[in-house]
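Q: One structure follows; several queries about it will come next.
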Amino acid sequence: MASQEIETLTSVLSRLPGLGPRSARRAVLWLIKRRESSLVQLLDALAAVRETLVECQTCGNVDTSDPCAICVDPRRDQRSLCVVEDVADLWALDRARLFTGRYHVLGGRLSALDGVRPEDLTIGRLIDRVAQGGIDEVVLAMNATLEGQTTAHYIAERLEAYPVRLTQLAHGLPVGGELDYLDEGTLAQALRARRPVG
Ligand SMILES: [Zn+2]
């Protein structure tokens, strides 16, 4: 029987994406054996994240400042906005270094199955940003999944009334492909070959 402390930590860790109870327990034991090195480092890193990281109220990125470094970077093209599902997608696209505009993180995707409605995402905030003007192109960079594409269609409809060019990533994206898992070459190709919506 493991102690209550180990059970608690294991159950918290097992909720992390990609970790189940078994690997969570292995991680806990690994950390206990490295109390002074890895465990202390992990605690410090977690504390730093809690104290310094905030969500950008403009785009939804996670950074040490609000607005984030991308939103305030004067070298970035203010006329181009790339809409992504999650922060991980923003980071994946930005690692590819091809998109020079700014981003908008939806915070998920529409899903009838999971009960995710438009008001659960930052779609209202996106419409507000576009309605303020100054944006020429909106790139819908949803995942190539059914829910991602449904979300893209919904946003395209909502943005129809505004004078912006709507584009989406080219279908070099593997079907069912999630941006975060793509290599940078594939992602760069999909972004370069983006096409008008509709
Ligand atoms: Zn931002």
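FYI, it's all coordinate maths here, none of it is from the lab. It should be emphasised that the depicted structure is a prediction, and the values quoted were computed from it without experimental measurement. Neighbour counts are summed over all protein chains in view; Cβ atoms, including those assigned to glycine, are modelled from backbone coordinates with ideal geometry.
Q: Using DSSP, restrict attention to beta bridges with both residues in segment 1-155 and report what percent are antiparallel, rounded to the nearest 5.
A: Around 25 percent antiparallel, to the nearest 5.
Q: What are the extents of the Cα atoms of the chain along their three principal axes, in Å, largest first?
A: Sorted largest first, the three principal extents are 63, 36, 34 Å.
Q: Something else about it: Using r as the Cβ-Cβ distance of residue 193 and residue 52, and R0 as 45 Å, what FRET efficiency do you calculate, to the nearest 0.05?
A: About 0.75, to the nearest 0.05.
Q: Something else about it: So how do 128, 89 line up by other beta-carbon neighbours within 10 Å, fewest first?
A: 128, 89
Q: Also, I was wondering about something else. Ranking 30, 91 by Cβ neighbours within 10 Å, fewest first, what do you get?
A: Listed from fewest to most nearby Cβ atoms, that is 30, 91.
Q: Right, something else. With springs connecting C-alpha atoms under 10 Å apart, model the chain as a Gaussian network and identify which of 18, 185, 107 has the largest mean-square fluctuation.
A: In this elastic network of the chain, the residue with the biggest mean-square fluctuation among 18, 185, 107 is 18.
Q: Give me the net charge of residue 14's neighbourhood, meaning all other residues with Cβ under 10 Å from the Cβ of residue 14; Lys, Arg count +1, Asp, Glu -1.
A: On the way: positive: 15, 22, 25; negative: none.
So the surrounding residues net to +3.
Q: Assuming 0.36 nm per residue, please report the length gained on full extension of the stretch residue 170 to residue 38 beyond their Cα-Cα distance.
A: In short, 43.3 nm is gained.
Q: Of 160, 184, 36, which has the largest mean-square fluctuation in a 10 Å C-alpha GNM of the chain?
A: Maximum fluctuation in the GNM of the chain, among the listed residues, is at 36.
Q: For labels at residue 22 and residue 62 in the simple 7 Å Cα→Cβ model, what's the distance in nm?
A: Taking the two extended label points, one gets 2.7 nm.
Q: Helix-only mean residue ellipticity at 222 nm, the chain, DSSP H runs n ≥ 4 weighted -39,500 (n - 2.57), per residue, nearest 500. What is it?
A: -12500 deg cm²/dmol
Q: Next question. Given springs between every Cα pair under 10 Å in a Gaussian network model of the chain, which of 88, 112, 27 has the largest fluctuation?
A: 27
Q: Next up: Can you put 103, 154, 181 in order, fewest other beta carbons within 10 Å first?
A: Going from least to most buried by this count: 181, 154, 103.
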